[in-house]
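Here the structure is laid out as structure tokens; the discussion comes afterwards.
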Amino acid sequence: MKRITVSKPKNEQILGGGNGDLLEIRDLDVSFKLERGSAQALRGIDLTLKSGQIHGLVGESGSGKTVTSTCIMGLLPMPPAKINRGLILYRGTDLLELSEAERRRTRGREIAMVFQEPAKYLNPSLKVGEQITEMLQLHLDMERSEAVGRAGELLEVVGLPNSRRVLSGYPHELSGGMKQRMMIAMAISCDPSILIADEPTTALDVTLQLQILKLILRLRERFSMGVLFISHDLTVVHEIADRVSVIYAGKIVESADRARLFSEPLHPYTQLLLLSIPDAEKRGQRLKVIPGRVPDAEHIPGGCAFHPRCPLSEELCSREVPPTVERREGHTAACHMIGKKWINS
Ligand SMILES: Nc1ncnc2c1ncn2[C@@H]1O[C@H](COP(=O)(O)OP(=O)(O)O)[C@@H](O)[C@H]1O
Ligand SMILES: [Mg+2]
């Protein structure tokens with residue numbers, strides 16, 4: 001099989017100087033205008049993705065993961081969404097400063113995305129082959145015959161056997177796992193530098209989940225992409241990520257290399273998330289579930305947003321937003337109580 005060529009950088013006019021990081025989000029603040037008031041979805045997110053790295057973004061439902069991914073893709077509906085502050089640097093260039101035409105060029109070619117429910121994003125009336133070849137013709141100016149050949153290769157790369165039959169069928173003829181593979185094939189078709197995977201395995205059963213995770217790991221190796229892997233499930237992130245950031249109510253509360261985060265979590269929220277993971281060896285033991293739920297973006301508590309649910313909280317926590325501090329090299333956390341109090345498991 002012909003190897004799919006990796007040719008980076010591809011689009012010089014939108015590639016800035018850069019500082020080695022593929023993607024750097026700084027102080028990103030996004031709100032939604034509501035009929036009454038507003039929802040503060042992101043409250044100053046900082047996140048860095050390096051080439052070839054898988055960065056896991058983990059947090060409970062409603063914490064701002066999808067707002068982050070759609071904002072990077074330039075797909076936030078504005079209005080009602082409004083970007084109040086921040087930068088999204090891609091190879092040193094702020095994506096938020098690009099024109100819509102430039103963003104469209106970046107989308108798919110430089111930064112591609114797979115979603116939780118691929119069925120929603122596939123055209124049900126267009127054959128699988130047509131959808132992939134159309135994308136290749138549009139983005140890469142390929143001749144039709146070349147695009148057809150490439151589509152077959154891509155399906156093999158993502159592990160869809162019998163690609164000829166798949167290409168001439170419709171999306172509804174594919175199983176859930178196959179649809180996700182097709183979505184991944186489309187995402188990598190233009191050889192992007194960054195793949196954003198927003199809960200790509202959440203709708204799948206455990207066996208398929210593992211297969212898709214293995215596929216993403218393989219693709220990262222082969223195409224040396226940076227992957228932003230989003231999930232509400234810490235165990236899934238543990239399987240795949242090199243680095244992990246924990247998001248709570250629109251703010252990153254802790255970020256570290258995977259091993260560090262799982263062995264020495266600093267933030268009480270991370271510690272409680274880890275305690276709530278089912279432990280196969282202690283089956284039957286009652287899980288420690290974090291009391292309460294993520295506040296909705298219209299009613300973020302003052303001070304540390306986690307303080308009403310936090311077993312360590314003191315008066316200071318309801319009054320002052322904790323600063324994000326680098327406790328060790330590459331390990332940041334935002335909590336007033338670090339080093340002062342501990343959670344007894
Ligand atoms: N279109 C919208 N209008 C108003 N609020 C929104 C909209 N989209 C998201 N939000 C709010 O932003 C917050 C984060 O949502 P989201 O990023 O989808 O969470 P997650 O993906 O982590 O489950 C939630 O409180 C949600 O209600
Ligand atoms: Mg989401």
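General remarks:
- The range 245-266 residues that are of a type in the set (Phe, Trp, Tyr), paired with ones that are within 16 Å of ligand 2 (Cβ to nearest atom) and in a loop (DSSP other than H, G, I, E, B) (beta carbon under 9 Å, 6 or more apart): TYR248/GLY59; TYR248/GLU60; TYR248/SER63; TYR248/GLY64; TYR248/VAL294
- Only residues that are touching a Leu at 6+ places or on another chain (Cβ under 9 Å) and either among the β-branched types (Val, Ile, Thr) or within 16 Å of LEU23 (Cβ to Cβ) (or both) were counted in the range 188-227, giving 15.
- Selection within the range 295-312 - farther than 16 Å from LYS341 by Cβ and among the charged types (D, E, K, R): ASP296, GLU298
- Restricting the range 290-325 to residues that are within 16 Å of ligand 1 (Cβ to nearest atom) and over 20 Å from GLN271 (Cβ atoms) leaves a set whose member that is surrounded by the most Cβ atoms within 10 Å (Cβ to Cβ) is ALA297.
- Considering residues of the range 109-130 that are farther than 19 Å from LEU155 by Cβ and acidic (Asp, Glu) only, the residue farthest from ligand 2 (Cβ to nearest atom): GLU110
- On inspection, VAL227 qualifies as at pLDDT 85 or above and touching a Lys or Arg at 6+ places or on another chain (Cβ under 9 Å).
- So ALA197, is it under 27 Å from VAL58 (Cα atoms), crowded, with 19+ Cβ neighbours inside 10 Å and either under 25 Å from the mean Cα position of the chain (by Cα) or of a type in the set (A, V, I, L, M) (or both): yes
- Any pair with Cβ under 6 angstrom, 6 or more apart, that starts in the range 198-216 at a residue that is within 22 Å of THR70 (Cβ to Cβ) and ends at one that is within 16 Å of ligand 2 (Cβ to nearest atom) and of a type in the set (Phe, Trp, Tyr): ASP198/PHE115
- The set of residues from the range 200-211 being among the hydrophobic types (A, V, I, L, M, F, W, C) and either within 16 Å of ligand 2 (Cβ to nearest atom) or surrounded by 23 or more Cβ atoms within 10 Å (Cβ to Cβ) (or both) comprises ALA203, LEU204.
- Scanning the range 50-65 for residues that are among the basic types (Lys, Arg) and more than 9 Å from ligand 1 (Cβ to nearest atom) turns up just one, LYS50.
- For THR106, the test of being within 23 Å of the chain's Cα centre (by Cα) and more than 16 Å from ligand 2 (Cβ to nearest atom) is passed.
- Across the range 48-98, the qualifying residues are those that are away from ligand 2 (no atom under 16 Å from the Cβ) and among the acidic types (Asp, Glu), and the one among them that is farthest from VAL246 (Cα to Cα) is GLU97.
- Yes/no for ARG150 being over 15 Å from the mean Cα position of the chain (by Cα) and under 21 Å from ASN123 (Cβ atoms): yes
The values are calculated or read from the model by the stated rules, or taken from the named source; none is laboratory data. Predicted, not measured: the structure shown is a model, and the values here were computed from it. Neighbour counts are summed over all protein chains in view; Cβ atoms, including those assigned to glycine, are modelled from backbone coordinates with ideal geometry.
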